[in-house]
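The values are calculated or read from the model by the stated rules, or taken from the named source; none is laboratory data. Since the model is a prediction, treat every value here as computed from it, not as a measurement. No Cβ is skipped: glycine too gets one built from the backbone with ideal geometry, and neighbour counts run over all protein chains shown.
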Amino acid sequence: MQYKTVKHTTSVFRIKFYILFSVIVWAINLNAQTKVLDKVIAVVGKNPVLLSDIEGAMAEQEKNNMPLNKCQAFEAIVLQKLLIAQAERDSVVVNDNEVEQEMSKRMSYFINQFGSEEKLEEFYGKRINIIKDELRQDVKEQLVSQKMRGKIIGDTKLTPAEVRLYSSSVPQDSLPLVNSEVELQQIVIKPRYSEDEKLAAHDKLENIRKQVLNGEKSIAMMARLYSEDPGSAKDGGVINNVTKGMMVPEFESVAFRLKTGEISNVFETPYGYHFIQLIKRKGELLDLRHILIMPKLSNADVFRAKLVLDTIYNEIKENKISFENAARKYSEDKDTKQNGGLMINQATASTKFDMESITELDKNLVITLNSMELNDFSKPMQFHERDGKPAYRLVRLKNRIDPHRANIKDDYPRLLMMATAERNKKILKEWIHKRSKITYMKFDSEYSICKFPKEWVISTINN
């Protein structure tokens, strides 16, 4: 329960899906690698392109219901190898810590998707450590090529004038249709653990710790039996390759002060009570074991949160306080509290939600919104936060936007993303045109017939 970056899986992890595409391809490549007899089908610089690379990319096409196109898949892989070749020239590298962090994120994601580590191992017919060993180099290459692409494109932000110029250059009927959207505000009240429950959880963990310190039981066995961290309990509480910034601060401050073999005192984080044993320190990486015991929320705890929100609802209803000021004063959602409760769509970084994203957020919310007029606010509604815990909220319909063609006034963030993508595409094409002229490439005869786009200048193809 200590990771501070998981939003869509277990309550331990809040994964940042900043390279989701490569995560999916990575998994498909793993499946492909178990089915094909690999061979080298091309060389770019000194980097080989394998048949399994193409099989994986085509499996991704099929998964996304795209027409199967071997030459398109081949071009994508050749581009990755070209980026890697340039990275070698420019000394663009990723360190072992970055690779291990990414491996851990991806393994956590896929374990969650399969339901358990055992099911993942059963599907691939391999142990987790074998899967990781086989794919470590693939992950490293993906990270290197992405870092090189980032260096080529740069991080310069487009100005509003450039976005307006882009928007005016796109034919009106080519601008995307935007579905009906809404802007929402919320006030969130979370149930509080009773002091008795907190004391019970603390005492239970303290008793487990004493048994470990006295040598009566091993921490690994006690973690398997009692820990409530689903991500590590089955592994005896082990969490490998922990780096600074990966955990919530309360966990980190304890973990990074421990000496090898040392067992911490019981301490509290937002997830519950823990104690840690440091297994090994590897530079800035820690391998450790921990046990988590969480206080239990009773129905009475949850109901008390509703009563608090009922009072706030009545204050707003009676015009004793505005919704915005009530959000700033009472809301317990730190992401929206200071903005008067204004909610942010995490997928687009804007304040607008279409009905599809609302459905993903909370299916019950769609039903409520359909019956609301502008500026109406709901009665207290129960929902579940990203970590799965229950809470209550009031939701106000701040704005409703009818379906329309994208325009600068209503859809600046969307047009900014489109303009940035177009700018980045142009920069990458220019780079490909330059680098493909001077990079050695040798293709298998089966693939030498592939016609690459005009930005590619391929003069070194050999059968």
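Observations
- Condition check for LEU68: among the aliphatic types (A, V, I, L, M), modelled with pLDDT of 50 or more, loosely packed, with under 15 Cβ neighbours inside 10 Å and in contact with a helix residue (DSSP H, G or I) (Cβ under 7 Å, 6 or more places away or on another chain): yes
- Scanning the range 409-450 for residues that are of a type in the set (Lys, Arg) and either touching a strand residue (DSSP E or B) at 6+ places or on another chain (Cβ under 6 Å) or modelled with pLDDT under 90 (or both) turns up LYS409, ARG414, LYS442.
- Of the residues making up the range 17-42, just one is surrounded by fewer than 19 Cβ atoms within 10 Å (Cβ to Cβ), modelled with pLDDT of 85 or more and not in a loop (DSSP other than H, G, I, E, B), namely VAL40.
- Of the candidates LYS363, LYS337, the single residue that is surrounded by 17 or more Cβ atoms within 10 Å (Cβ to Cβ) and under 30 Å from MET417 (Cα atoms) is LYS337.
- Considering the range 264-322, and only residues there that are polar (S, T, N, Q) and either surrounded by 15 or more Cβ atoms within 10 Å (Cβ to Cβ) or assigned to a helix (DSSP H, G or I) (or both), the residue that is farthest from the chain's Cα centre (by Cα) turns out to be ASN314.
- Tally of residues being among the hydroxyl-bearing types (Ser, Thr, Tyr) and outside any helix (DSSP H, G or I) across the range 334-363: 4
- Test for THR10: is it modelled with pLDDT under 80 and more than 20 Å from ASP138 (Cβ to Cβ): yes
- Residues (in contact with a Pro (Cβ under 6 Å, 6 or more places away or on another chain) and small (Gly, Ala, Ser)) located in the range 350-398: SER350
- Some residue of the range 100-114 being crowded, with 19+ Cβ neighbours inside 10 Å and β-branched (Val, Ile, Thr): yes
- Scanning the range 199-216 for residues that are more than 17 Å from ILE279 (Cβ to Cβ) and either among the acidic types (Asp, Glu) or surrounded by fewer than 17 Cβ atoms within 10 Å (Cβ to Cβ) (or both) gives LEU199, ALA200, ASP203, LYS204, GLU206, ASN207, LYS210, GLN211, ASN214, GLY215, GLU216.
- Here PRO191 meets the list (1) assigned to a helix (DSSP H, G or I); (2) under 30 Å from THR351 (Cα atoms) almost entirely, failing just condition (1).
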